[in-house]
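Report on one structure; see the data block that follows.
The values are calculated or read from the model by the stated rules, or taken from the named source; none is laboratory data. On a predicted model such as this, the values are computed, not experimentally measured, just so you know. Neighbour counts are summed over all protein chains in view; Cβ atoms, including those assigned to glycine, are modelled from backbone coordinates with ideal geometry. For accessibility, only protein heavy atoms count, side chains too; no ligands or nucleic acids. Shrake-Rupley method; radii C 1.70, N 1.55, O 1.52, S 1.80 Å.
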Amino acid sequence: MEFPSALEGIAEAFPTKLYLVGGAVRDALRGEKVEDYDLAGAATPEVVRETLTAAGYRVVDSSPRLGTLIIVAGGRHFEYTAFRTDSYPEGSGAHKPDKVVFTDDLGQDCRRRDFRCNAIYYDIKDRKLVDPLGGQEDVKARVLRTTRDAREVFCEDGLRIMRLVRFVSTLGFTPDDEATTAAKELVGRLADVSAERIREELDKTLAGKHVLDALHLARDTGAISVVIPELAANDGIVQPPAVHAYDVLEHSFRTTAAAREDIRLAALLHDVGKAVALERDGNMHNHALYGADMAEEVTKRLRYPNAVIEETKTLVAEHMYDINANAKEVKLRRFVARNHGHIDKLIALVRADSAGTGIFTDCPRADRFDATLAKMRADGVPFTVRELAVDGNDLKKFGLRGEKIGETQRTLLDACIEGRQKNEKSGLLALVARLAKSGNPTTRRSAAKEER
Ligand code: ATP
Ligand code: MG
């Protein structure tokens with residue numbers, strides 16, 4: 001097995017045997033690239049800190065109660081977790097062990113982990129695998145089996161159900177029947193797991209190669225109903241067969257699978273408003289409008305960063321624009337301009353949406369967006385006031401002051417966006433002169449604003 005050479009030095013200085021464990025071992029056995037190296041051993045955190053600090057390593061506390069710390073070596077960070085047995089408050093759904101007992105027994109440590117394929121150890125010094133639970137067989141068979149009775153494992157920490165979903169997505173493994181059955185039965189345990197932990201697993205799920213299988217598992221176990229009930233409400237909602245091969249939930253999943261990684265969250269949520277629209281209005285016409293607010297609620301609840309919340313909301317709100325692919329060019333230009341900050345993502349979402357119907361193989365609507373965008377870029381059309389070929393000082397020469405300057409800049413910007421004006425200085429100044437003469441530079445702007 002290959003690993004960063006810095007680990008040999010750490011293992012040499014280490015007071016006990018030092019092992020790699022978890023994703024690093026599992027993924028190396030799968031022949032995949034390893035980026036995150038988790039370490040484990042029988043030494044308690046205090047002993048590790050003392051010994052390694054004395055040997056010249058930098059050691060940083062991570063979670064002393066859980067026995068984890070970070071070892072810095074060769075410019076990298078390695079997380080070390082002391083062998084431990086966890087005990088969980090019975091039936092409490094606490095998801096975090098209330099009692100952590102350190103142990104020097106690897107055989108005990110492996111049993112507190114989630115899946116057998118994650119409980120394979122690699123002895124760094126002796127260069128050999130230690131695998132008390134037969135995790136290697138699972139890696140070979142591409143199966144996810146819990147380290148102990150699946151009910152016990154999921155009962156202790158409901159997040160492990162989301163981890164099951166995540167590993168289906170990233171590894172393409174299949175859970176055994178026991179794990180699937182227990183996950184279904186205990187999915188309610190997910191309800192009081194912290195939003196941050198769920199979000200982390202959801203993000204990893206969405207980034208996986210086998211995301212469609214994972215989403216099916218999330219639906220079939222009920223995990224989607226717990227984590228995003230608004231989305232689950234779309235299960236079984238039929239759509240016109242001429243344009244949709246799948247119900248709304250399945251279409252959302254297919255769209256996600258067809259989408260690039262950076263828009264998968266928006267893809268998952270793009271039609272979240274359909275069930276509500278149908279209930280409220282008897283049709284789905286306004287689903288993007290309702291869906292945008294719902295996507296905001298969902299992403300807020302899952303504690304996504306504000307930038308992600310805003311972007312997801314906008315992508316959902318705009319994904320239906322020009323659904324009949326017949327908008328006039330000037331409107332397309334305005335659409336591109338107002339979405340300039342995320343236009344690539346929006347077009348990618350529109351394409352994924354189309355692919356996710358199971359009917360269409362092309363997307364003329366997105367083709368028109370792309371063509372409009374390309375033309376605007378080639379013509380040097382400004383998308384913001386700052387990109388205009390004239391600035392505030394140029395406008396002052398026309399006697400404009402204060403708010404009038406900003407208003408005029410936006411009027412010039414609209415003229416460029418709509419293709420009535422080139423973004424070059426002399427033409428723009430001539431337009432300012434005309435506007436100054438006619439006295440009202442803001443007329444066009446308000447017209448553009450009222451549209452939509
Ligand atoms: P990744 O490739 O994302 O790093 P990983 O399997 O290494 O995947 P980590 O979250 O880094 O996952 O955790 C490291 C190891 O710690 C896991 O392989 C597993 O053995 C154990 N582990 C992590 N979280 C849990 C949990 N909630 N319950 C039980 N064991 C866990
Ligand atoms: Mg890891």
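The figures follow:
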| read-out | value |
| --- | --- |
| Test: residue in segment 24-43 that is farther than 25 Å from L171 by Cβ and open to solvent by 40 Å² or more (accessible area, probe 1.4 Å) | no |
| Selection from segment 44-58 of residues that are open to solvent by 30 Å² or more (accessible area, probe 1.4 Å) and either within 13 Å of ligand 1 (Cβ to nearest atom) or in contact with a helix residue (DSSP H, G or I) (Cβ under 8 Å, 6 or more places away or on another chain) (or both) | T51, A55, Y57 |
| Exclusive hit being farther than 20 Å from D36 by Cα and at pLDDT below 95, set G107, G93, G158, G188 | G93 |
| Tabulated pairs, segment 351-377, first more than 21 Å from D271 (Cα to Cα), second open to solvent by 50 Å² or more (accessible area, probe 1.4 Å), C-beta under 8 angstrom, 6+ apart or interchain | T372/E329 |
| Strands (runs of 3 or more DSSP E) wholly inside segment 1-99 containing at least 1 residues that are within 16 Å of ligand 2 (Cβ to nearest atom) | 18-21, 38-41, 58-63, 68-73, 76-82 |
| Scan of segment 139-191 for residues that are in a loop (DSSP other than H, G, I, E, B) and either within 14 Å of ligand 1 (Cβ to nearest atom) or not hydrophobic (A, V, I, L, M, F, W, C) (or both), ordered by number | R142, R145, T147, R148, D149, D157, G158, G172, F173, D176 |
| Test: residue in segment 85-96 that is open to solvent by less than 70 Å² (accessible area, probe 1.4 Å), out of contact with any Asp or Glu (no Cβ under 6 Å at 6 or more places or on another chain) and either charged (D, E, K, R) or within 20 Å of A11 (Cα to Cα) (or both) | yes |
| Search result, residues across segment 132-162 that are touching a Phe, Trp or Tyr at 6+ places or on another chain (Cβ under 7 Å) and within 17 Å of R30 (Cα to Cα) | R142, V143, L144, R145 |
| Selected residue [out of contact with any strand residue (DSSP E or B) (no Cβ under 9 Å at 6 or more places or on another chain), acidic (D, E), over 17 Å from T312 (Cβ atoms) and part of a helix (DSSP H, G or I)] from E230, E250 | E250 |
| Residue count, segment 132-146 (criterion: polar (S, T, N, Q) and surrounded by fewer than 16 Cβ atoms within 10 Å (Cβ to Cβ)) | 0 |
| Any hit, segment 426-438, residues being open to solvent by less than 20 Å² (accessible area, probe 1.4 Å) and at pLDDT below 95 | no |
| Residues of segment 160-179 satisfying the condition of being in contact with a Leu (Cβ under 8 Å, 6 or more places away or on another chain), among the polar types (S, T, N, Q) and under 21 Å from R199 (Cα atoms) | S169 |
| Some residue of segment 110-119 being within 24 Å of the chain's Cα centre (by Cα) and not in a helix (DSSP H, G or I) | yes |
